[in-house]
Amino acid sequence: MTDTSKVNSDQTKASVGQKMWGGRFSAEPGELMQAINVSIDFDCKLAAQDIAGSKAHSNMLAAQRIITSDDRDAIHKGLTEIEAEINDGTFPWSRELEDIHLNIEARLRDKIGDAAGRLHTGRSRNDQVATDFRLWVRDALDNFDAQIDTLQRALLSQAAGNTDTIMPGFTHLQNAQPVTFGHHMLAYLEMFARDRSRLADCRARMNESPLGAAALAGTPYPINRDMTAEALGFDRPMANSLDAVSARDFAMEALSAATICATHLSRLSEEIVIWTSAQFGFITLTDAFTTGSSIMPQKRNPDAAELIRAKVGRIMGAMTTLTIVMKGLPLAYSKDMQEDKEPVFDAFEALSLGLAAMAGMVSDMHPNKDRLAEAAGAAYSTATDLADWLVRSLNMPFRDAHHVTGTIVALAEQKAKTLDALTLSEMQSVEPRITDDVYSVLSPLASASSRVSYGGTAPSEVEKQVTRWQEILA
């Protein structure tokens, strides 16, 4: 990304006459107007997209004989040099030139002279920025797709290595029923698969080109919008010029999908924070994803998970910000829309960092199998299995089985035993028809192994899902 610290008013200055709107005004804007109007400090991030759009536009202008091929060649040469300057940090940014478009165009004029002025034929900054922003968001969505793929593979690796690792399943953060660690990892894999699908849907919907819509009404020049759309990888040109320059729903949709994805990251982060605590001790993380305390040498804090957990606030806040910016705007373009980019840039940077850190943490974490198994058997987690056994083996109505099981759990609690530690005679004191076959369902592993319905936690079912996901991700 461009180092915006290089953008300052002490660099290249531009007179009023050099501004695109300079012919209409005779005085410089006041300092406050300059401060509120300038956007180059953040829209410099659109440099690569702006140059790509300008090359596609100038190619089309030459093909349509609106400009000469010599002018097109000069424009391309100058833009390539400008891109190199931006990449190596030598580009002379100017806040006086307001935005990325005018900075690049002024520099192009410095390099190639009058031919630079022909580049803007048949377009406006309105369709130019809409095109740049769509291209930037599309690039970000492609990056997220790759990052989620990496995270999914990390989750799948943990699932494949822990198909029969028993742990407690929770409701209300209370022990509910035993599950497998692999099953738990696959739950998040499914969530992130839906996130990936949402982002892909968003990308498909937004992949239309605004370029050529000009200020709002189109242009009288004989341009070829299909040509520029194809050159920039869009599926088609947008069908309405008003919509093309004023729509930002593609960014709102992307932020919505990003918010849901960040929520899933936050939920997994919360579990990692809980699981690494001394009270739980379910997993350990290495020094790569934990920090220490300045005064407590024993501490190993899951700071990476905590920071990921917090970033959903920034991403959701960006969604709210952009929605409020757009909600009252009449068609077509309003300067309010300059405020569309900063929240998106910030939110997407936060999500990208969160996805990368989470993939690293999932790969790094080590499940403590003995502790997980011990916790899986606590709090009478196989009570439902006992009730189900009573229904299946004794043909007992479930509500009656629920009552009998509750009485047996109370007996176990009174004797400070787990359910599978009760003697047969102790259980028969509550329900005489119980046989020793009941012990086949009372251990946590037996409980989990019995859950063989599709999508269940039985190791055999987890193995099937692991195989399915290995084929999908292959």
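The values are calculated or read from the model by the stated rules, or taken from the named source; none is laboratory data. Quantities reported herein were computed from a predicted structural model and do not represent experimental measurements. Neighbour counts are summed over all protein chains in view; Cβ atoms, including those assigned to glycine, are modelled from backbone coordinates with ideal geometry. Surface areas here come from the heavy atoms of the whole protein model, side chains and all, with no ligands, DNA or RNA. Shrake-Rupley method; radii C 1.70, N 1.55, O 1.52, S 1.80 Å.
The table below gives the values:
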{"read-out": "Counting DSSP beta bridges with both ends in the chain, the antiparallel % (nearest 5)", "value": "80 percent"}
{"read-out": "Charge tally in the Cβ shell below 12 Å around G455, where Lys, Arg are +1 and Asp, Glu are -1, G455 excluded", "value": "+1"}
{"read-out": "Sequence ranges 252-262, 453-463, ranked by mean other-Cβ count within 10 angstrom, highest first", "value": "252-262, 453-463"}
{"read-out": "Within-12-Å neighbourhood charge of V137 [Cβ basis; K, R +1; D, E -1]", "value": "+1"}
{"read-out": "Rounded accessible area per residue of the chain, 1.4 Å, Å²", "value": "46 Å²"}
{"read-out": "Fraction of accessible area attributable to carbon and sulfur, the chain (%, probe 1.4 Å)", "value": "52 percent"}
{"read-out": "Efficiency of FRET between M33 and L331 - r from beta-carbon atoms, R0 22 angstrom, step 0.05", "value": "0.30"}
{"read-out": "Placed amide H near T165: partners under 5 Å, 5+ positions off or other chain", "value": "F181, G182"}
{"read-out": "Under the Karplus curve 6.51 cos²θ - 1.76 cosθ + 1.60, θ = phi - 60°, whole-Hz ³J(HN,Hα) for region 119-136, x wherever Gly or Pro sits", "value": "4, 7, 4, x, 8, 10, 4, 5, 6, 5, 5, 4, 5, 4, 5, 4, 4, 5"}
{"read-out": "Shape category assigned to region 216-262 from the gyration tensor of Cα positions, a/c cut at 1.5", "value": "oblate"}
{"read-out": "Farthest toward positive dipole pole in the chain [+1 Lys/Arg, -1 Asp/Glu at C-beta], among T407, T163, Q34", "value": "Q34"}
{"read-out": "Highest to lowest packing among 341-352, 193-204, scored as the average C-beta count within 10 Å", "value": "341-352, 193-204"}
{"read-out": "Euclidean distance between Cα centres, region 338-393 to region 143-159, Å", "value": "14 Å"}
{"read-out": "Sparse-neighbourhood loop sites, chymotrypsin sites (Phe, Trp or Tyr not before Pro) in region 232-314 - DSSP loop, at most 16 other Cβ within 10 angstrom", "value": "F280"}
